[in-house]
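Worksheet: the structure to be examined is printed underneath.
No value in this document is a laboratory result; all are computed from the given coordinates. From a predicted model like this one, the values you see are computed outputs, not experimental measurements. Heads up, the Cβs are rebuilt from the backbone with ideal geometry, glycines too, and the neighbour counts pull from every protein chain shown.
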Amino acid sequence: MGNSVSCQLVTTIQPRSITNERSDTALDHPSNSTLHLPPQIVHHHQLFLQYVDLTDCYGLDDFGLKTVVRNSPQITHLYLRRCVRLTDNGIKAIASFCVMLKELSISDCILVTDFGIYELAKLGSNLRYLSVAKCDQISDAGIKQIARHCYRLRYLNARGCEAVSDHSMELLARSCSRLRALDIGKCDVTDNGLRAISEHCPNLKKLSVKSCELITDQGLQSIAFYCRGLQQLNIQDCNITVDGYRTVKKFCRRCIIEHTNPGFS
C-alpha cells in the first residue's frame with residue numbers, strides 16, 4: 001500500500017538502487033520533494049504496490065506519475081484526486097503500465113480531456129471504478145469510449161462534466177449493465193437518459209442527479225419502476241415534485257433520498 005495523501009510537495013516516487021546502505025525508516029523524505037523507497041521493499045527497481053493514493057499531491061506532474069506507474073505495474077487501485085498538474089500524457093502512462101488497474105479517480109484533474117479518456121478505455125473490462133468528477137473537458141465522446149470498452153464498469157462519477165448528456169448515457173446503459181453506482185450531478189442529462197439507465201441497469205444501488213435541471217418526475221418514475229433495489233438517491237436542486245418523490249418511496253422502499261424540498265415528507 002502506498003499512501004501520500006495531502007503530501008502537497010511530492011512530485012514523484014522514485015525507487016532507489018539496492019545498496020548496502022542501512023535504512024532505519026520505511027520512507028526517506030529528501031528535500032527535493034521525491035519519495036525514495038529503501039532497498040528493503042524494492043526489487044530490481046520495481047515497487048510491489050497495489051493501492052496508491054496520491055490525493056492532493058498538487059506538485060505531481062506527468063513525469064512524476066509516469067515514474068510511479070512504470071515501476072508499479074501491479075497497481076490495482078490508484079487515486080489522483082486534485083492532482084491538478086496531470087494531463088492526458090500522464091493518463092496515457094497509466095493505461096500503458098497499469099494493465100491490472102481496477103479503480104481510478106482523477107477527480108478535479110482539470111487538464112485531462114477526452115483524449116486521456118480514450119487511452120483509459122484501453123484498460124477494457126478490468127476497470128470497475130472510474131471517477132472523472134469536475135473534469136470539465138470530458139464530454140460524451142470520452143464517456144462513450146469508456147462504455148464501449150469497459151463493459152464491467154460498476155461505478156462511474158461524472159459529476160460536473162457539463163458536456164456529458166443523454167447521448168453517452170444511452171450507450172453507457174446498454175454496454176455497462178452491471179452498473180451499481182452513478183453520479184451525473186450537474187450533467188446535461190434529461191429524462192431520456194434516465195430512462196435508458198433504468199431499463200438497462202436494473203441493479204443500480206446509488207444514483208445522484210443533483211443539479212440536473214432537465215430531469216423531471218418522469219425520469220425519476222422510470223428509475224423507481226425499474227431499479228427497485230435503489231438504496232441512495234440524490235435529487236437536490238432538481239425540478240422534482242412531491243409526486244416524483246412519492247413514486248420513489250413507493251417502489252424503492254429502502255431508498256434514502258437526499259433533497260432540498262421542505263415539502264417532501
When Lys and Arg each count +1 and Asp and Glu each count -1, what net charge do the other residues less than 10 Å away from N239, Cβ to Cβ, add up to?
-3
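Excluding L54 itself, what net charge comes from residues whose Cβ is under 11 Å from its Cβ, given Lys and Arg +1 and Asp and Glu -1? If you can, show how the numbers build up before the last one.
Numbers: positive: R81, R82; negative: D53, D56.
Charge balance near L54 sits at 0.
Add +1 for every Lys or Arg and -1 for every Asp or Glu among the other residues with Cβ under 10 Å from the Cβ of I91, and state the total.
Result for the neighbourhood of I91: -2.
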At N203 and Q232, where each label point lies 7 Å from the Cα along Cα→Cβ, what is the point-to-point distance in nanometres?
1.9 nm
Among the lysines, which have Cα under 19 Å from the Cα of K144 when same-chain residues fewer than 8 positions away are ignored?
K92, K102, K122, K134, K186
